Every structure is written in structure tokens, then in C-alpha cells.
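Single-structure report; data block below.
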Amino acid sequence: QVQLVESGGGLVQPGGSLRLSCAASVRIFSIYNAAWYRQAPGKQRELVARITSGGSTKYADSVKGRFTISRDNAKNTVYLQMSSLKPEDTAVYYCNIARLNDYWGQGTQVTVSS
């Protein structure tokens, strides 16, 4: 049973920073593509950032230059460093890893508000 455990969410003021972490209980993490998605109230889940098994990255236009996705294969962990946060970044953030199947974390709330 694959489990993804997310951490690092919380309440932050506009302009602040947060780092999300997602630890995966898989035997060989390096072969998986990994991604972060988010879902705001009343909206569809959207891709925020993706990192392939080879380390290539892709970002949603709305977060380019502010968010950075990275991975540490030795720790089975993918990160999302979020800076210059805006109120519109408020959402539940979900970790995803994929190879032949997709696996999802339980989500972590990020609230950007003064």
C-alpha cells in the first residue's frame, strides 16, 4: 500500500513563504514522476508543478518564478518551495506520484491571508 504523507501547510501572510514536503512509502522513489496539485474552494484541481524522474520540471503559469519543485530520492521526498505567496494561492495542496499508477496524498491546507 503506497502512502504519501504531506506536511508544511499553514497560514501565512501575503508575500510570505512556505515549504511543503511529501514523503512516499515506495521502494524505489526515483522512478516516479512527482507533482503538486491544488484545489481551491469551488474550483477544479489544477497542476501546480511537476518534476519527472529525470529531474525536468514544469510549472503552472500562475506560479512561475515564485514556486520551486524539487526532490530528494534518498529521502523518498518531493518538495514545493513557495515564495511571494498571494491570497489566490490559498487552496488544499495535494502531492502526486505516478508511474504505471497514480498515488495521491491526503492534502495539506495553505491559507494566504493578512
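The magnitude of the dipole of the chain, with charges of +1 and -1 set on the Cβ of Lys/Arg and Asp/Glu and taken from the Cα centre, is near 200 debye. Once you divide the Cα radius of gyration of the chain by 2.2 N^0.38 Å, the number left is 1.00. Annotation note: trypsin sites (Lys or Arg not before Pro) in segment 33-114 located in DSSP loop regions with a Cβ neighbour count of at most 13 within 10 Å are K43, K64, R99.
Divided by 2.2 N^0.38 Å, where N counts the residues, the Cα radius of gyration of segment 1-53 comes to 1.35. Across every direction, the projection of the convex hull enclosing the Cα atoms of segment 62-114 has a mean area of 4.7 nm². For the pair segment 1-34 and segment 65-114, the centres of their Cα atoms are 6 angstrom apart.
Read-outs: derived from the displayed coordinates by stated rules, not from any lab. Predicted, not measured: the structure shown is a model, and the values here were computed from it. For neighbour counting, all protein chains shown are included, and Cβ atoms are generated from backbone atoms with ideal geometry for every residue, glycine included.
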